[in-house]
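Here is the structure we will look at.
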Amino acid sequence: MATATADPLARKYQRVFEHLDADGNGYIEQSDFASFVDRLAKEYKLAKKDQKVHAITAAFDMLWNELVRHADTNHDNRISEEEYIASVRLTVDDTTRFNATDALANALFDIMDVNGDGQISKDEFTRLQQNVWGISAPDAIDTFTALDTDGDGSLSRQECVKGCRQYFNSNSLDEPGSWFFGRF
């Protein structure tokens, strides 16, 4: 693991790397993305054939291809933390092919929206935060409150996507979206 950095984006990307490195071997491999999808499917009791599983799998497959395209210079089909941070910067900036941030945010929104009402309740959001990301209840609730920018007690798709964009694009650790994977 790389040493901690003062660069806010690098800190945020390091946190995501830690969540995605499912086997803890210091690399993200395509199998780590599959493990994450399996965790989501298990938590939300979704069958492998469920459309929501297909959508998140497709988003991660596309993200994997973009990460490999930008980072895997030695063609070993795995990405170190340093490669990940560098490639996420390029992937986030490269909107010519695939917007990974929006695709993943939309797919996660659909999974979190268990009751299908088009809104994410506090309970739906904290379930993902706690049971999938391992974020404490108080931090998950604080994150929900910060992301609920219109204060209506639920997250719209727009608020969720905006929060995810802030996480991956904002140099501030104080933006509501910067807490998407836990507070700094």
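The values are calculated or read from the model by the stated rules, or taken from the named source; none is laboratory data. Here the structure is a predicted model, which is why all the values come from computation and not from measurement. For neighbour counting, all protein chains shown are included, and Cβ atoms are generated from backbone atoms with ideal geometry for every residue, glycine included. For accessibility, only protein heavy atoms count, side chains too; no ligands or nucleic acids. Shrake-Rupley method; radii C 1.70, N 1.55, O 1.52, S 1.80 Å.
Quick notes
- Condition met for THR57 (within 15 Å of the chain's Cα centre (by Cα) and farther than 29 Å from PRO8 by Cβ): yes
- Single residue of region 127-155 satisfying the filter (in contact with a strand residue (DSSP E or B) (Cβ under 8 Å, 6 or more places away or on another chain) and small (Gly, Ala, Ser)) that is nearest to ALA10 (Cα to Cα): SER154
- Candidates in region 4-29 are the residues that are modelled with pLDDT under 90 and open to solvent by 60 Å² or more (accessible area, probe 1.4 Å); of these, the one that is farthest from GLU82 (Cα to Cα) is ALA6.
- The residue pairs whose first member lies in region 103-118 and is of a type in the set (Asp, Glu) and open to solvent by 50 Å² or more (accessible area, probe 1.4 Å), whose second member is part of a helix (DSSP H, G or I) and at pLDDT 95 or above, and whose beta carbons are closer than 9 Å, counting only pairs six or more residues apart or on different chains, are ASP110/GLN51; ASP110/LYS52; ASP110/ALA55; ASP110/ILE56; ASP110/ARG157.
- Number of positions in region 45-78 that are within 23 Å of ASN25 (Cβ to Cβ), touching a residue at least 40 places away in the same chain (Cβ under 8 Å) and not hydrophobic (A, V, I, L, M, F, W, C): 2
- Sub-8 Å Cβ pairs linking a first residue in region 18-44 that is closer than 15 Å to ALA59 by Cβ and without any contact (Cβ under 8 Å) to a residue 40 or more places away in the chain to a second residue that is outside any helix (DSSP H, G or I) and basic (Lys, Arg), at least 6 apart or interchain, are ALA41/LYS48, ordered by first then second residue.
- Any hit, region 65-74, residues being more than 25 Å from PHE184 (Cβ to Cβ), within 17 Å of the chain's Cα centre (by Cα) and at pLDDT below 95: yes
- Qualifying residue in region 90-98 (condition: among the charged types (D, E, K, R), open to solvent by 50 Å² or more (accessible area, probe 1.4 Å) and modelled with pLDDT of 90 or more): no
- The requirement of being out of contact with any strand residue (DSSP E or B) (no Cβ under 6 Å at 6 or more places or on another chain) and crowded, with 18+ Cβ neighbours inside 10 Å is not satisfied by ALA71.
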